[in-house]
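Each remark here refers to the structure printed beneath this line.
The values are calculated or read from the model by the stated rules, or taken from the named source; none is laboratory data. As the structure is a computational prediction, the values presented were derived from the model and not from experiment. Positions of Cβ are generated from backbone atoms using ideal geometry, with glycine treated the same way; all protein chains shown enter the neighbour counts. Areas reflect the complete protein model, heavy atoms only, side chains present, ligands, DNA and RNA absent. Shrake-Rupley method; radii C 1.70, N 1.55, O 1.52, S 1.80 Å.
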Amino acid sequence: MTQNLADTSRPAAVPAAEPTAEPIATNAGASRGWWRDAVIYQVYPRSFADGNGDGMGDLPGVRSRLPYLRDLGVDAVWLSPFYASPQADAGYDVADYRAVDPMFGTLLDADALIRDAHQLGLRIIVDLVPNHSSDQHEWFQRALREGPGSPLRERYHFRPGKGAQGELPPNDWESIFGGPAWTRTVDPDGTPGDWYLHLFAPEQPDFNWENPAVADEFRSILRFWLDMGVDGFRIDVAHGMVKAPGLPDLGSHDQLKLLGNDVMPFFDQDGVHEIYRAWRKILDEYPGERIGVAEAWTPTVQRTANYVRPDELHQAFNFQYLGTHWDAAALREVIDVSLDAMRPVDAPATWVLSNHDVTRHATRFANPPGGTQIRTAGDRELGLRRARAATLLMLALPGSAYLYQGEELGLPDVTDLPDEVRQDPSFFRQAGQDGFRDGCRVPIPWSGTEAPYGFGPTPGGPSWLPQPASWAELSVEVQTGDPTSTLELYRSALAVRREHPALGAGTAVSWLPSAEGVLAFRRDSAAGSFVCTVNTTPEPVRIAAPGRLLLASAELAVVDGESVLPTDSAVWWAV
């Protein structure tokens, strides 16, 4: 059923020094960690639900929709940043890590959300942005005002420029968003000053993690939110906080093309692991098994495994899996490599298909192979068919799975947004990463026949990004109760995953003989076995049914006693 907006009245204030939300009881298998088989749902707050009708999603809106997430069947909710921020990069430029931006609500709203989630059996994971702050952060503003020699400058990377007058950047590093990774300052007397490092937008100066004050501050920030009751942190740019000594030149241009292929002087430096060992000690002090999740772009899955060694973080995103196209051989290889890499460090593999930074997989799979940023809509029917099958494959694998809001509705990327409504900062810079992330951030449809489709409380009300007219047929309201809908497929898959003893946590799959272009694997437990079969080919494939049908992404037929796997489909079987 469509969820109505709940009462968003704010709770009474609570003493800041006391924990404000008790952790929820850990699921069965607590000794092995709830996160090992958790399904975690990413909420992008500005695009999930608008509680006050201003066109921007907020924490009261998220709070009102928590029953929907419980009924969907997820275990935890990861919230993208809602901190006080000028919003130069959609909240990933934080001005105050202990405050909620007024556009999203208040700390009392955050407290109420955490409490409600725990009462519903949901855990809350919040984003943490430790690589950089906003240029409006108090530390950075004081560093500029106080000028050269200010101790605040040691908390960032301020450096004199090269050239006769210091007119050239200190090194050749390039911003991920395009252009140099350095911006020159103006001293208090009005003369050109030092440069500061920003691996992303100029409004996002990088912290200097060699300075003890930075480490002290983030340990305090961790405790602030843990005392509020959050169950963990997703760590943004977890691979970026430590830079190579001396900030050496990279010696090449088009540096973005090198990312993911080698260890860079500003990414995946070994020193980051000391930070996470210190953080793990803090997480372990708190009851309820609080966790850390690394957003770590590394050259190999093996290097990703370094972030989840037993004394570091609990999970790391598997971007190698996310970037794999719809191809049986490639999928099997990345699954094997991922499981093999995590097994020695006793960490769960993670699986993800979409997030707020990449084209939704219903659109990626609608196009020929081309990375994670796609600008064309492609074949919508093909993309949805593959996306549904890919979801069943992902949820059948051992470990933890991440879902991105709206993928359970089969939402495609909005590839035709007008330039004047786009807000992705890299869209406005040259030579940076593709600046088309707004297409996966369009507010999701809940109900009704006209925009904003229940996103806000008023029909025909505002929405910070425009929604396509076709989304009226993709809303939660329309799909609820339709056994052929993508929403009901997700609900059924998550229910089966929770109930079947051979699904969820684990470290391996047993591959079964199969035709070219078909994946088939088995998972066993003392209480029962499970088989997943996936047809990635453009033609139906006949197989002998390995067991009792549990769930399929497309309708199966039986011919001469054999099951016919439709093109681009996945099937679950109880054995």
| request: Name the residue farthest towards the positive end of the dipole of the chain from the options Ala117, Ala294, Leu550, assuming +1 on Cβ of Lys and Arg, -1 on Cβ of Asp and Glu, about the Cα centre. | output: Leu550
| note | Scoring only Lys, Arg, Asp and Glu (+1, +1, -1, -1) among other residues with Cβ under 12 Å from the Cβ of Gly461 yields -3
| query | Under 16 Å from the 7 Å Cα→Cβ point of Thr484, by amide nitrogen: which residues of segment 369-393? | reply | 381-382, 384-386, 388
| Simple Cβ-charge dipole of segment 414-534, Lys/Arg +1 and Asp/Glu -1, about Cα centre, in debye nearest 20 | 560
| query | So what's the gap between the Cα centers of segment 239-303 and segment 74-97, to the nearest angstrom? | reply | 20
| Which of the aspartates and glutamates could be linked to Lys162 by a straight reach, that is with a Cα gap under 20 Å, when you skip same-chain ones fewer than 8 residues away? | Glu154, Asp172, Glu174, Asp187, Asp194, Asp206, Asp249
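Of all the accessible heavy-atom surface of the chain, with the other protein chains kept in place and a 1.4 Å probe, what percent is carbon and sulfur?
On the way: 11190 of 21470 Å².
Summing carbon and sulfur atoms, their accessible area is 52 percent of the total for the chain.
Relative contact order, percent, of segment 452-575 when contacts are C-alpha pairs under 8 Å separated by at least 6 residues?
Numbers: 192 pairs, mean separation 20.8, N = 124.
Relative contact order for segment 452-575 comes out at 17 percent.
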| request: Run the quick spin-label model on Arg542 and His253: label points 7 Å from Cα toward the beta carbon, then report their separation in nm to one decimal. | output: 6.0
| What is the projected area of the convex hull of the Cα atoms of segment 115-272, averaged over all directions, in nm²? | 11.2
| the chain, accessible area per residue, ligands and nucleic acids excluded (1.4 Å, Å²) | 37
| request: State to the nearest 20 debye the size of the charge dipole of the chain about its Cα centre, where the only charges are +1 on K and R beta carbons and -1 on D and E beta carbons. | output: 1060
| How high is the FRET efficiency from Leu120 to Ala278, r the C-beta distance, R0 30 Å, rounded to 0.05? | 0.40
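Using only the Cα atoms of segment 403-493, what semi-axes does the equivalent ellipsoid have when each is the square root of 5 times a gyration tensor eigenvalue? Give whole Å, largest first.
Each semi-axis is the square root of five times an eigenvalue, giving 27, 17, 9 Å.
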| At 222 nm, what helix-only mean residue ellipticity would the chain give, in deg cm²/dmol to the nearest 500, using -39500 (n - 2.57) for each DSSP H run of four or more? | -6500 deg cm²/dmol
| query | Which cross-chain or sequence-distant (5 or more) residues have an amide H under 5 Å from the amide H of Gly292, H modelled 1.01 Å from N in plane? | reply | Phe233, His314, Gln315
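Which order, highest average first, do 478-484, 349-355, 381-387, 292-298 follow once you tally other Cβ atoms within 10 Å for each residue and take the mean per peptide? Provide the component values of the computation, followed by the final result.
Working: 478-484: 13.6, 349-355: 25.3, 381-387: 20.7, 292-298: 23.3.
Ranking, from highest mean packing down: 349-355, 292-298, 381-387, 478-484.
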| message | 5 Å is the cut-off here: which amide hydrogens, built 1.01 Å from N in the peptide plane, fall below it relative to Gly506, excluding neighbours closer than 5 in sequence? | response | Gly399
| said: On C-alpha positions alone, give me the angle between the axis of helix 486-499 and the longest principal axis of the chain, in degrees, nearest 10. | reply: 80
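So how strong a dipole does segment 92-210 carry about its Cα centre when Lys and Arg Cβ are +1 and Asp and Glu Cβ are -1, to the nearest 20 debye?
Values: 10 positive and 20 negative charges, 38 e Å.
Here the size comes out at about 180 debye.
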| message | How high is the relative contact order of the chain? Use alpha-carbon pairs under 8 Å, at least six apart in sequence, and give a whole percent. | response | 14
| Toward the positive end of the charge dipole of the chain, about the Cα centre and with charges on Cβ (Lys, Arg +1; Asp, Glu -1), which of Asn211, Val496, Ala390 goes farthest? | Val496
| request: Compute the acute angle (0 to 90°) between the alpha-carbon long axis of helix 212-228 and the principal axis of greatest extent of the alpha-carbon atoms of the chain; round to the nearest 10°. | output: 40
| request: List the equivalent ellipsoid semi-axes of the chain in whole Å, largest first, each obtained as the square root of 5λ for an eigenvalue λ of the Cα gyration tensor. | output: 39, 27, 24
| message | Charges on Cβ only, +1 for Lys and Arg, -1 for Asp and Glu, centred on the Cα centroid of the chain; of Gln165, Pro130, Ser85, which one is farthest towards the dipole's positive end? | response | Pro130
| query | When ranked by the protection proxy of mean other Cβ atoms within 10 Å per residue, highest first, what sequence do the peptides 415-424, 129-138 form? | reply | 129-138, 415-424
